[in-house]
Amino acid sequence: MDNTMLIGLTRQLTLRREMDITANNIANAQTAGFKVEQVMLTSNSDSRARHLDGPDRVAFVDEWALGRDFSQGSLQSTGRPLDLALEGEGFFVLQTEAGERFTRDGSFTMNAQGEVTTADGARLLDDGGAPIVLNPGAGQITISETGAISQDGQPGQRLGIAVFENTAALQKEGTNRFTAPEDAERLIDGLPYVRQGFIEGSNVRPMTEITRMMEVSRAYASVTRMIRDADELSRKAIERLGRP
């Protein structure tokens with residue numbers, strides 16, 4: 001297989017990956033705290049292509065990384081006391097069966113033991129790393145902008161909020177959560193404001209993603225035509241060379 005077809009195939013692979021990521025963005029346009037993603041590409045310097053009659057700089061393309069935009073999503077009012085949003089950089093800290101996890105999705109509830117949890121039972125942690133526990137039989141729950149929790153006017157725990165020096169080091173896993181390396185540096189200044197009774201929406205812009213999906217689809221069709229034309233040209237060349 002010649003370089004033209006190989007280059008086309010590598011581009012098709014990355015375009016398929018771009019299509020999958022774009023479709024996932026659109027599917028999560030209404031997911032609380034979801035952050036839009038995009039494939040980052042690079043030329044493969046280890047496998048430089050050669051073209052005798054065409055451009056000098058021709059290279060295979062690889063997926064380099066998955067970029068993630070951590071910019072703020074819009075805040076949507078719900079009025080529920082355990083719906084929380086962060087205004088600024090940072091993450092809620094959760095305790096799961098797999099260990100500590102981080103999320104921007106502030107849809108919380110209270111279980112029978114008074115623990116503040118996510119819908120699947122992950123426990124929300126305070127600034128000391130302990131699960132946040134409230135009194136199910138007590139009255140009004142108030143959470144200040146600094147994350148201080150009080151119930152019936154009595155002070156209690158403070159929300160655990162993690163702000164990382166380098167968000168690119170975070171690894172995404174299912175259920176809209178992230179893991180952090182053990183040596184990930186956390187900032188103690190510039191913590192975000194906590195908004196009680198709000199949920200942060202996704203920062204996905206549906207029209208932008210739909211436009212990108214159309215561009216990827218057109219690019220894939222163009223590369224497919226290029227591969228088909230190259231194959232046809234090779235076939236005709238072989239036929240001509242085979243004539244007496």
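Quick notes on this structure:
- Structural descriptor for the chain: relative contact order 26 percent, calculated from alpha carbon pairs under 8 angstrom and at least 6 residues apart.
- log₁₀ of I(q)/I(0) at q = 0.14, 0.15 Å⁻¹ - segment 145-197, Debye sum with one point per alpha carbon: -0.52, -0.58
- Ellipsoid semi-axes in whole angstrom, largest first, where each is sqrt(5λ) of the Cα gyration tensor of segment 68-137: 21, 16, 10
- Relative to the longest principal axis of the Cα atoms of the chain, the long axis of helix 3-27 lies at roughly 20 degrees.
- Cα-Cα pairs of segment 75-200 separated by more than 23 Å (percent): 26
- Report summary: the helix-based calculation at 222 nm, which adds -39500 (n - 2.57) for every DSSP H run with n ≥ 4 and divides by the residues of the chain, gives -9000 deg cm²/dmol.
- Whole-number D in µm² s⁻¹ for segment 110-175, Kirkwood Cα-pair radius fed into Stokes-Einstein, 20 °C, 1.002 mPa s: 160
- I188-Q154 FRET efficiency (beta carbon distance; Förster radius 22 Å; 0.05 resolution): 0.25
- Neighbour count of at most 11 Cβ within 10 Å plus DSSP loop: longest trypsin sites (Lys or Arg not before Pro)-free window in the chain: 58-244
- Gap separating the Cα centres of segment 100-140 and segment 169-205, nearest whole Å: 16
- Charge context of R158, other residues only, Cβ under 9 angstrom, K/R +1, D/E -1: -2
- Extreme residue, positive dipole direction of segment 75-200, given options G137, F178, P192 (C-beta unit charges): G137
- Amide H contacts of F164 (H built 1.01 Å from N, in plane; Pro and chain starts excluded): L187 sit under 5 Å, all sequence-distant by 5 or more or on other chains.
- Phi-derived couplings, Karplus 6.51 cos²θ - 1.76 cosθ + 1.60 at θ = phi - 60°, listed residue by residue for segment 217-234: 5, 5, 5, 5, 5, 5, 5, 4, 5, 4, 5, 5, 5, 5, 5, 5, 5, 5 Hz, with x used for Gly and Pro.
- Sum of side-chain charges, L75 neighbourhood, beta-carbon under 9 Å (Lys, Arg +1; Asp, Glu -1): -1
- Within segment 150-182, the GluC sites (Glu not before Pro) that combine a DSSP coil assignment with at most 16 other C-beta atoms in a 10 angstrom radius are E165, E182.
- For the pair Q76 and T211, label points projected 7 Å from Cα toward Cβ lie 2.3 nm apart.
- Over the C-alpha trace of the chain, radius of gyration and Dmax come out as 25.2, 98 angstrom.
Each value in this text was obtained by applying a stated rule to the coordinates, not by laboratory testing. Just so it is clear, the model here is predicted, and its values are computed rather than measured. Every residue, glycine as well, gets a Cβ built from its backbone with ideal geometry; the counts of neighbours run over all protein chains shown.
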